[in-house]
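Visitor: Shown below is the structure under consideration.
The values are calculated or read from the model by the stated rules, or taken from the named source; none is laboratory data. These numbers come from a predicted model, not from an experiment. So basically every Cβ, Gly included, is an ideal-geometry build from the backbone, and we count neighbours across all protein chains shown.
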Amino acid sequence: MDLLYRVAGGSVSAFIVTFLLLKFLPGEKVLMGHDRGRKFAQGSAVNIGKPTGVGFYFTLVFAVASGICCYFTPGLVCGLTALVASMMTGFLDDRSKDPWDEYLKGFLDFVMSVLGAVVCVWFYGSNVIIGVTGGRYHLNPILFATLAVMLFVVSINATNATDGIDGLSGSLSILSIATLFTISFINRPASESDRNGLIIGAIMICVLLAYLIFNFNPSKMMMGDAGSRALGFFIAFYAIYLRIPFAYLIVGLPFLCDGGISIFKITVGRLTKKKIIPFKNITTPLHDELRKNRGFNVKKVWATLVIAALVIDLIYIGITLIVHAVR
């Protein structure tokens, strides 16, 4: 019953507080930036002038609610602190008069990724679980830390690149978080990290639901880099915290297909001085391809990508249940 009270109390309270903060945006003129539009992003002009960086609000609510409701562990406190730090790197960019240099943002993402990896290895070790089979393995800590940094970098940037369609990033994040916990529960019911995993997962889903009330098309506000970078950090941390980091290859597939392709395309182009440009005939992120070249409106793009993500997650959960049932 104690766990139920923590989950219900934390989730409901976080939803209400987030909703009220976003409804009234206290300190908006002092704290918030306003969307400048995205260069080369299809349809981004419609968002110019909207409050951006509201991820500042829901990330802080999440961190405070989690700190109050979770069973205390030093690792979780450090993880929540690193999450807030990651949010702040995006928030300061959101509210700056001119966009930060891409290389500066990339450097900060790398620093936050190293910090996240260190926290995970130091407090949670380098054991992993393969979600589908339930197999447990111990990885070399250096290898694990290297892979963890890569996971954080990819997750932060893919989530950020996906945040270009009203409601998309928040919706995909909710599906990813719910699926990660479900896979973890199938593999390790009633473990200690499952208790805190349930609490922080439920609270994050609830603050995102409150945010989506204001972000569904036509949106009234944007999470900005403050929100997208915090979400990307959280999803990577959550996967490692639940000991199923490789599950990101499945639950993160919608992010990788939508935003990840864009990052890969840009990175290869810069490294080869534009001699090699993969997916040259595809406008990236993928949601821009659907809008610009396929004629999808915003709601159809959202529905297409979210339904695809839901199908992938349900198939993943279904296969995992079947494999565990026949073992």
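Visitor: Run down VAL132, VAL149, VAL128 and say which single residue is in a loop (DSSP other than H, G, I, E, B) and closer than 30 Å to ILE319 by Cβ.
Guide: Of the residues listed, the single one that is in a loop (DSSP other than H, G, I, E, B) and closer than 30 Å to ILE319 by Cβ is VAL132.
Visitor: If you don't mind, there's one more thing I want to ask. Identify all residues within region 221-266 that are free of Cβ contacts under 8 Å to residues at least 60 places away in the same chain and either within 15 Å of SER176 (Cβ to Cβ) or in contact with a strand residue (DSSP E or B) (Cβ under 9 Å, 6 or more places away or on another chain) (or both); write none if there are none. It would help to see each step written out before you state the result.
Guide: Here is the first cut: in region 221-266, the residues free of Cβ contacts under 8 Å to residues at least 60 places away in the same chain are 249, 253, 257, 261, 264-266.
Passing the criteria: LEU249, LEU253, CYS257.
Visitor: Which of the numbered conditions does LYS97 fail, given that it passes all the others? Conditions: (1) assigned to a strand (DSSP E or B); (2) free of Cβ contacts under 8 Å to residues at least 12 places away in the same chain.
Guide: Among (1) assigned to a strand (DSSP E or B); (2) free of Cβ contacts under 8 Å to residues at least 12 places away in the same chain, LYS97 violates only (1).
Visitor: Which condition number in (1) free of Cβ contacts under 8 Å to residues at least 24 places away in the same chain; (2) within 21 Å of VAL251 (Cα to Cα); (3) crowded, with 20+ Cβ neighbours inside 10 Å; (4) not polar (S, T, N, Q) is the one that CYS120 fails?
Guide: Checking CYS120 against (1) free of Cβ contacts under 8 Å to residues at least 24 places away in the same chain; (2) within 21 Å of VAL251 (Cα to Cα); (3) crowded, with 20+ Cβ neighbours inside 10 Å; (4) not polar (S, T, N, Q), the one that fails is (1).
Visitor: Filter region 43-64 down to residues that are in a helix (DSSP H, G or I) and of a type in the set (A, V, I, L, M) and give me whichever is modelled with the lowest pLDDT. Full working, then the answer.
Guide: First, pick out the residues of region 43-64 that are in a helix (DSSP H, G or I): 44-47, 55-64.
Next, from what is left, pick out any that are of a type in the set (A, V, I, L, M): 45-46, 60-61, 63-64.
Values: ALA45: 53, VAL46: 58, LEU60: 97, VAL61: 98, ALA63: 98, VAL64: 97.
Result: ALA45.
Visitor: Kindly indicate the residue of region 11-42 that is at pLDDT below 95 and in contact with a helix residue (DSSP H, G or I) (Cβ under 6 Å, 6 or more places away or on another chain) and also nearest to LEU286 (Cα to Cα) among those meeting that condition.
Guide: For region 11-42, the residue satisfying everything is GLN42.
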